[in-house]
Each structure stands twice: as structure tokens, then as C-alpha cells.
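Presented below is the structure to which this report refers.
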Amino acid sequence: MDRYRKWGWGLGLATVSAVSAFGLASWQAHAAPSTPPNTAATAEPARVTDPSPLPEAAAGTGKDPLTSTEVDKARAAAVTPGLAASAEDVTGKAGPEYLATELDEDGGRRAELYYYDYKTEKLYKQVVDLTTGKLVKSYSSTGMQPPASPQEAKTALDLLVASPLSADFKEAYRKATGKAFDGTAGIEPIAHIYTAKPADQGAGQCGKSRCVQLIVKSADGHFINVTDLVVDLSGRAVARLK
């Protein structure tokens, strides 16, 4: 099930793999003709070369996965001038935070694009007809928290590192890597959306606000678990779960 399609929109609308096959040439070895005694017959070894990948098509058909060209086309149409001017992304810049694009498998060749507006705490789903390049439907809802974007994960790491609560993370980094923490270069943050539980203390706003927990992968492959800390991207704050 697609990770975004599982959210209901309360609007009477059900929200919403490519299989590639490679064939290798087969061959049959034929017996070499008999040779005179004491004479060794040699044969050149058989060679198989993988075919070069074909260039990506500009557009797919039917339920083909969206091409990069189609995604770019859909993104250009999805953010209206009004949304671009009124919304804010995770860094505070104008325009909503882009999350993901999926194929609308029930509506012909259309793309569903998901954006988050940090100013209003709303999730937007914009439906673009890829044939016409036009935005055909727009939905928004509060209280919906789909998976984080790469920019949200990076912002969460920056907020964590700048927080007084980062001391434990930096010590865990030193123990895992054998080196003192000297910045986020080469570090890969993996962000998971966090929604507050009834007994939570310190992160009760998460769910209405957009919050994440982090697992951090160091440049040399070590994983540092800091899921006892919650980064509130909306409030730009870090809290320890109690």
C-alpha cells in the first residue's frame, strides 16, 4: 500500500512497481571436432554483456510509474501562486514543503502531490492531469502527518545539534565512531514522524505540530539512535521524552 494513500481525507475520496526484467542471451556449447593425439584444442571463452539501460521515457502510459519528467511537470503545476505566497516550508521560506508524488491509479494519467504548510499546519494534496499539465483538484487537512522529506530530516538534525540536549547524541557519536563530533558533513539523518501518546510529557503537541525522531548514520556507517529526543519542526524545538 502506498505510504500516502492510506490517509483518509474526509472528503469522500479514497486517497492514494515497476517491474523491470532483464533477459540474458543463452547459448549452447557444441562439441569440438576430434583432434589428433597430443594436440590440445582451445576455444575462446564465451562472454556475456549486460545490455546498456535504455534512456528514461519522457512520459509513461497507463499505470506505468511516473517518470522524472512527469514529476517535474506535475510539481510546476501543483503549487499555485496563492499557495506559493501564503505557505511556508520547514526552513521558513515561502512556499509549502514538498513531500512526495504518486500516480493516481484510479484517475487516468494523473499525479498526486503532497505538500506541508508550516504556517497553517496543513497537509495539501494537489492532483495534476499529466496530459494537460493542469491542476484539477486540491485538498487540505490538518492533523495529518505523512513521512518526512529529506529537507525535513536535515533540518531536524540541525535543530538537534544546536540544542542543549545534543550532548548525549554527541557522546554517543564519539563512542560509536571513535571521533569527536565535528559537524553534520557526511552524516545521514533518518527521520520518523512522531505523534504524541496520551502519557507523553514534553512532546504533547506532536501530531498537531510536525515532529520527528531521528536515527543518525555517520559517514563511516555507524547508526546512532536518538529516539529518546523529539524534534518539533513546527516549533523548532527539541524535547526529551519522559
Check: Does residue 166 satisfy the condition of being over 20 Å from the mean Cα position of the chain (by Cα), crowded, with 17+ Cβ neighbours inside 10 Å and either over 19 Å from residue 210 (Cβ atoms) or at pLDDT 95 or above (or both)?
Finding: yes
Margin query: Please go through (1) buried (at least 18 other Cβ atoms within 10 Å of the Cβ); (2) assigned by the TED database to the domain that holds residue 83 for residue 136 and return the number of the only condition it doesn't satisfy.
Written below: (1)
Check: Does residue 226 satisfy the condition of being at pLDDT 95 or above and open to solvent by less than 20 Å² (accessible area, probe 1.4 Å)?
Finding: no
Notebook entry, point to check: Going by the conditions given, is residue 132 part of a loop (DSSP other than H, G, I, E, B) and not small (Gly, Ala, Ser)?
Noted result: yes
Check: Given (1) surrounded by 15 or more Cβ atoms within 10 Å (Cβ to Cβ); (2) among the hydrophobic types (A, V, I, L, M, F, W, C); (3) over 22 Å from residue 117 (Cβ atoms), where does residue 219 come up short, assuming only one miss?
Finding: (1)
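The values are calculated or read from the model by the stated rules, or taken from the named source; none is laboratory data. Just so you know, these numbers come straight off a predicted model, no measurement behind them. Cβ sites come from the backbone with ideal geometry, for glycine too, and all protein chains shown count toward neighbours. Surface areas here come from the heavy atoms of the whole protein model, side chains and all, with no ligands, DNA or RNA. Shrake-Rupley method; radii C 1.70, N 1.55, O 1.52, S 1.80 Å.
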